[in-house]
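The structure under discussion appears below in the form of structure tokens.
The values are calculated or read from the model by the stated rules, or taken from the named source; none is laboratory data. Values in this document were obtained by computation on a predicted structure and should not be read as measured data. Positions of Cβ are generated from backbone atoms using ideal geometry, with glycine treated the same way; all protein chains shown enter the neighbour counts. Accessible surface areas use protein heavy atoms only, side chains included; no ligands, DNA or RNA. Shrake-Rupley method; radii C 1.70, N 1.55, O 1.52, S 1.80 Å.
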Amino acid sequence: MSNGTPLGDFLRARREALKPQDVGLPEYGRRRVPGLRREEVALLAGVSSDYYIRLEQGRENSPSSQVLEAVAQALKLDAESADHLNRLCLTPSQRPHDRGEAEVSTQLLQLMDGWEHTPAFVLGPALDILAGNSLATALHSGFETFDNLARNVFVDPAGREFYQEWDRAAHSCVAELRAAYGHDPESARIAEVVEELSAESEEFAGIWRLHDVKSKSQEGKHLKHPDVGDLHIAFAAFTVNGAPHQQLVVYQAEPAGPTAAAFETLRALATAPKKAGANTNT
């Protein structure tokens, strides 16, 4: 995923994303490097240049909380990115070892199945679809497979038509992967997904290098399904008790609105019996 350290890669990316005027520094002449210089970040954080260089190079493994707070302020990190910075400094022994079961609990499966009018699915840290109810499956029926959200966005040809605000969806998707990576930098599954998508999508690789961090929370989406057309939904994501690495994602439509009607059409299509003689292998 990188030749550097997770901490060093993150600091470098966030430093290069800033300009001197962003932090109140004068800009003299042409710069040989993008963004701020290491010396400028050190000055803003109140640490020596040598110390900050050691941080970026991975030669300083135990910065104090005061130093991390000062660096976060110097780099103008928001609260979530600052938390990500702190997590990257944890040693393996300080990280939780029990990530929970990969399987979705029977109780959660039953709960989702009871939501006949609401698409719902469960995500793993690498944005794998661990389970989904029938309406969630019908909603994503235009994709070759409904097994990983990042792959749906970046690799599946249906992604750009389905996600009407594709650029926003792409950046959000990668930022969510980055957030999960911060919790578990040694995750083999996250590394596998990032490696595969970086090889298959230059856009994914470019956004991944930005090191933006944002967990899935709640916001609106504009989707377009091949059978029912435009969908304007709100969604919310919830951490699953007993399996903190899992997220329950729920899509909602405005009651009695066009999207709610489209959901009903999708539900009918999903439950309709197949025609006699239909080829079930495609």
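Kirkwood Rh and Cα-based Rg: tell me the resulting Rg over Rh for region 1-79, rounded to two decimals.
On the Cα set of region 1-79, Rg over Rh gives 0.95.
With every protein chain present, what accessible area does residue 160 have (1.4 Å probe, heavy atoms only), rounded to the nearest 10 Å²?
120 Å²
Mind listing the phi-derived Karplus ³J(HN,Hα) values for region 88-94, rounded to whole Hz, using 6.51, -1.76 and 1.60 with θ = phi - 60°, and x for any glycine or proline?
Values, residue by residue: 5, 8, 6, 7, x, 5, 8 Hz.
Hey, any idea what % of region 55-203's accessible area is carbon plus sulfur with a 1.4 Å probe?
Its accessible area is 47 percent carbon and sulfur atoms.
What is the dipole size for the chain, taken about its Cα centre, with +1 at each Lys and Arg Cβ and -1 at each Asp and Glu Cβ, in debye to the nearest 20?
620 debye
Using 0.36 nm times the number of residues separating residue 95 and residue 80, minus their current alpha carbon distance, what extension gain do you get?
3.6 nm
With charges set only on the Cβ (+1 for Lys and Arg, -1 for Asp and Glu), what does the dipole of region 151-226 come to about its Cα centre, in debye to the nearest 20?
Rounded to the nearest 20 debye, it is 320 debye.
Taking a probe of 1.4 Å, how large is the accessible area per residue of the chain, in Å²? Could you put the intermediate results ahead of the total?
Values: 15240 Å² over 282 residues.
Value for the chain: 54 Å² per residue.
Each residue of region 200-214 in turn: what ³J(HN,Hα) in whole Hz from Karplus with 6.51, -1.76, 1.60 and θ = phi - 60°, glycine and Pro shown as x?
9, 9, 5, 5, 4, 4, x, 5, 4, 5, 6, 6, 6, 10, 6
Sticking with the crude label model, points 7 Å out along Cα→Cβ, report the distance from residue 166 to residue 269 in nm, one decimal please.
Those two pseudo-labels are separated by 2.0 nm.
Put +1 on the Cβ of each Lys and Arg and -1 on the Cβ of each Asp and Glu in region 32-161; which of 111, 52, 159 then has its Cα farthest toward the positive end of the dipole?
With unit charges placed on the Cβ atoms, the residue in question is 52.
Report the accessible area of residue 49, computed with a 1.4 Å probe over the heavy atoms of all protein chains in place, in Å² rounded to the nearest 10.
Answer for residue 49: close to 50 Å² accessible.
Across region 173-181, in residue order, what do the Karplus-derived ³J(HN,Hα) couplings come to in whole Hz, using 6.51 cos²θ - 1.76 cosθ + 1.60 with θ = phi - 60° and x for Gly and Pro?
Per-residue couplings from phi come out as 4, 5, 5, 5, 4, 4, 4, 5, 4 Hz.
Enumerate by residue number the GluC sites (Glu not before Pro) in region 68-154 meeting two conditions: DSSP loop (anything except H, G, I, E, B), and at most 14 other Cβ atoms within 10 Å of the site's Cβ.
101, 103, 116, 144
Convert 10 °C to kelvin, take the viscosity as 1.306 mPa s, use the Kirkwood radius over C-alpha pairs of the chain as Rh, and evaluate the Stokes-Einstein diffusion coefficient in µm²/s, rounded to a whole number. Walk me through the numbers before you get to the answer.
Working: Rh = 21.0 Å.
Once the numbers are plugged in, D ends up at 76 µm²/s.
Do you know the relative contact order of the chain, to the nearest whole percent, from alpha carbon pairs under 8 angstrom that are 6+ apart?
Result for the chain is 17 percent.
Would you mind telling me which residue in 152, 61, 133 has the biggest mean-square fluctuation in a Gaussian network model of the chain, where springs connect alpha carbons within a distance under 10 angstrom?
Of 152, 61, 133, the most mobile in the Gaussian network model is 61.
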